[in-house]
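Notes follow the structure.
The values are calculated or read from the model by the stated rules, or taken from the named source; none is laboratory data. Just so it is clear, the structure is predicted and the values come from calculations on it, not from any experiment. Note that each Cβ is placed from the backbone with ideal geometry, even for glycine, and that neighbours are counted across all protein chains shown. Ligands, DNA and RNA are excluded from the accessible area calculation, which covers all protein heavy atoms including side chains. Shrake-Rupley method; radii C 1.70, N 1.55, O 1.52, S 1.80 Å.
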Amino acid sequence: MGIIGYDEKSGKPILMDPREFKVRYRSSLGSLEKYYKELEVGRVVAVKCKECGSKYFPPRSYCPSCGSQDLEFFVLSSRGRLITYTEINVKPQTHSKYGDYIVGVVEVDGVKVVGHVKAKFKDLRPDQNVEIKVERREGDEYPRIVFKPLD
Amino acid sequence: MAIWSFFRYLYFLYVMKVGVSAIGISRFGRRLDTNVFDLVYESVSEVFDEGYVSPEDIDYVVFTSTGFAPEGSPAGVYLEYIGLNPKAVHRVEAACASGSAGIYTAYNTVRSGTAKNVLVLGLEKMYEFDTLTAVEFLARLGSFFWEVRDYGITFPGYYATFMTRYMYEYGATEEDFCLVAVKNHYYGARNTKAQYQREISLDDCMNSRYIARPIKLYDCSPITDGSAAVVISSEEAIKDMGVDTPVWIDAIGTASMPASLTNRDDFTSISSARLAAEYAYKKAGITDPVKEIDVATVHDCFTVAEILAYEDLGFARRGEGVKLIREGETYVGGKIPVNLDGGLKAKGHPVGATGVAMYVEIVKQLRGEAEKGRQAIISKGVGLTHNIGGVGQYAYVSILRR
């Protein structure tokens, strides 16, 4: 095989790189360690500012409303309201091994959380109530937030 | 001396006009026929071929792209190829609004008196890798840490959350959104630079497969290779170079909003676009946009985004954007013609070049140089560009005047 490849559709000459550039991110957690520790044991946590009471998800280490750095974690309720959702049919490279999945936004305890909705797309409607859980996907060690319709 | 400097400052800020002196755009599409260097040169050569601006007139270059180039820092490499060393250059990035962010940088540089002529050069060659990798790259323009990595949301997915909620709140249907695709393909068919120069039917769109349900393939702008270039110039430079078709920048409004879905209060509107429009209208003295603007290009990366744009720009009231498309009011001859170049949908969306390509289009429209069948009637001499990066984390609205 020569170094020039030819595009199947157009027949145009393409230089194929014989080497692949792989990336795997290593994200330092710092103050977010607690969030993932809780997720590992099945709890979803958000934070609340001890000074002004503002609540945040995802968790953060200072309050942009009042500037305080005194925030505490709290466990979110297991019931929320599905605000909107979409079924991902064409997946990004890193999720291409999975079947179609539904991503939803759920309001709970005054914050919004993103997770996977376990339901058929046609059975869903905005504003319905859902149960919030932490589950591991089949063949996947990684815990994730899932929503199950209650009505 | 100090007093003189102060007046000079006031002159640049409040008196001197800034305009577009030259434009250029490559053919958009799956451009496997050209290497990336020549793709850049395609738009730059058009700029200089117009005959008003020569390479020596350029003081400085702003390069706009996102992350598709194999080079970590493409600006210097491509500037070298087009032969503009030793002019200063750097890259500006704001996801799909990178082009407008670059123009904003050029506009402010000219306004400050630092440069007379700034070349803004937008490029994206997105077919250099496979589709799944492109989908991954685009998804990572969103909120990677919390939403993309673990939940695999894609860019169509981000906009689909808006479409779901919009349909629920306002009773819009998937057909309504497909009407936008039909319109934009109608005009793409009349644009010799467009990626898709063919019309489609409502059925073609309705029968296309889901990409991020309820968004279908024909609701989506494509993956595109393309480049676009404009020269932003001071009033003085425009007079000196003898530009007889200048288009003036009346205002550029820009604003932001959270990138994350979790920090949004509203899934039926892009608040940053509303703020950018409000600022631009105020500065340009526009009170009734539909009556005072001849033609607009809006960021239709997905058909729902065009409907949201109608409302965010004040062309329609909240929830009534779908009425405009149902009644054909955004075609030539309607209340406010939108995306007569085919939009991102049919012209193509080389993300980092899109904002620049929008300027190219509005300048063409205001000069009366658009192809037959897609030229708006220019009676007020005013055009608008609306360019969104991410799902509103970057928003730019420009008002251009002949």
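General remarks:
- Taking one quarter of the surface of the convex hull spanned by the alpha-carbon atoms of the stretch B:245-306 gives a direction-averaged projected area of 5.6 nm².
- In loop segments of the stretch B:67-175 as defined by DSSP, the GluC sites (Glu not before Pro) with at most 12 further C-beta atoms inside 10 Å of their C-beta are B:Glu71.
- Volume per residue of the convex hull around the Cα atoms, evaluated for the stretch B:63-214, comes out as 181 Å³.
- For chain B, accessible area per residue (1.4 Å probe, heavy atoms of protein chains only), Å²: 35 Å²
- The residues of the stretch B:183-225 occluded by other protein chains by 20 Å² or more of accessible area, set against the chain on its own, are B:Tyr210, B:Ile211, B:Arg213; surface from heavy atoms, 1.4 Å probe.
- Zero-based 10 Å bins, Cα pair distances in the stretch B:8-130, whole percents: 13, 44, 33, 9, 2, 0
- Spread over its residues, the convex hull of the C-alpha atoms of the stretch B:189-295 is 210 Å³ per residue.
- Percentage relative contact order, the stretch B:170-256, counting C-alpha pairs under 8 Å, at least six apart: 19 percent
- Mean residue ellipticity (222 nm) of chain A, computed from DSSP H runs ≥ 4 via -39,500 (n - 2.57), nearest 500: -1500 deg cm²/dmol
- According to the calculation over all Cα-Cα pairs in chain B, the P(r) per 10 Å bin from zero is 5, 25, 35, 24, 9, 1, 0 %.
- Taking 21 Å as the straight-line reach from the Cα of A:Lys9, the lysines in range (excluding those fewer than 8 positions away in the same chain) are B:Lys125, B:Lys193, B:Lys347.
- Estimated translational D of the stretch B:141-191 in µm²/s (Stokes, Kirkwood radius over Cα pairs; 25 °C; 0.890 mPa s): 188 µm²/s
- When the square roots of the Cα gyration tensor eigenvalues are ordered a ≥ b ≥ c, the ratio a/c for the stretch B:272-402 is under 1.5, which makes its shape rounded.
- DSSP-defined antiparallel bridges as percent of all bridges, the protein assembly as shown, nearest 5: 80 percent
- Listed residues B:Leu121, B:Leu340, B:Leu84, most fluctuating in chain B (Gaussian network, C-alpha, under 10 Å): B:Leu84
- Measuring max minus min along each principal axis, the C-alpha atoms of the stretch A:37-110 give extents of 44, 25, 24 Å (largest first).
- Of all accessible heavy-atom area on chain B, the percent that carbon and sulfur account for (1.4 Å): 52 percent
- FRET efficiency for the B:Glu278 to A:Gln93 pair, using the beta carbon distance and R₀ = 25 Å, is estimated at 0.05.
- Averaging the sequence gap over all C-alpha pairs within less than 8 Å and six or more residues apart, then dividing by the number of residues, gives chain B a relative contact order of 25 percent.
- Once the 1.4 Å probe is applied to the protein heavy atoms, the stretch A:54-103 comes out at 47 Å² accessible per residue.
- Computed over the stretch B:331-394, the P(r) curve from all C-alpha pair distances, binned at 10 Å from the origin, holds 19, 55, 23, 3 percent per bin.
- Charge dipole (the stretch B:308-362, unit charges on Cβ, about Cα centre) - positive-most of B:Val360, B:Leu324, B:Leu340: B:Leu324
- Apportionment of accessible area to carbon and sulfur, the stretch A:75-123, percent (1.4 Å): 43 percent
- Using a Gaussian network model of chain B in which every pair of alpha carbons under 10 angstrom is joined by a spring, one finds that among B:His349, B:His185, B:His90 the greatest mean-square fluctuation is at B:His90.
- Convex hull projection area averaged over all views, chain A, Cα basis, nm²: 13.8 nm²
- Across all Cα atoms of the stretch B:167-209, the radius of gyration (one decimal) and Dmax (whole number) stand at 12.1, 39 Å.
- Summed buried accessible area for A+B [probe radius 1.4 Å, Å², rounded to 100]: 3600 Å²
- The C-alpha radius of gyration of the protein assembly as shown, expressed as a fraction of 2.2 N^0.38 Å, stands at 0.99.
- Kirkwood hydrodynamic radius (C-alpha pairs) into Stokes-Einstein, the stretch A:102-143, 37 °C and 0.692 mPa s, D in µm²/s: 280 µm²/s
- Helical runs (DSSP H, four residues minimum) scored at -39500 (n - 2.57) apiece and divided by the length of chain B put the mean residue ellipticity at 222 nm at -11000 deg cm²/dmol.
- Most fluctuating residue given options A:Lys91, A:Lys50, A:Lys22, as computed from a GNM of chain A linking Cα atoms under 10 Å: A:Lys22
- Semi-axis lengths (Å, descending) of the ellipsoid that matches the C-alpha gyration tensor of the stretch B:32-76: 22, 15, 7
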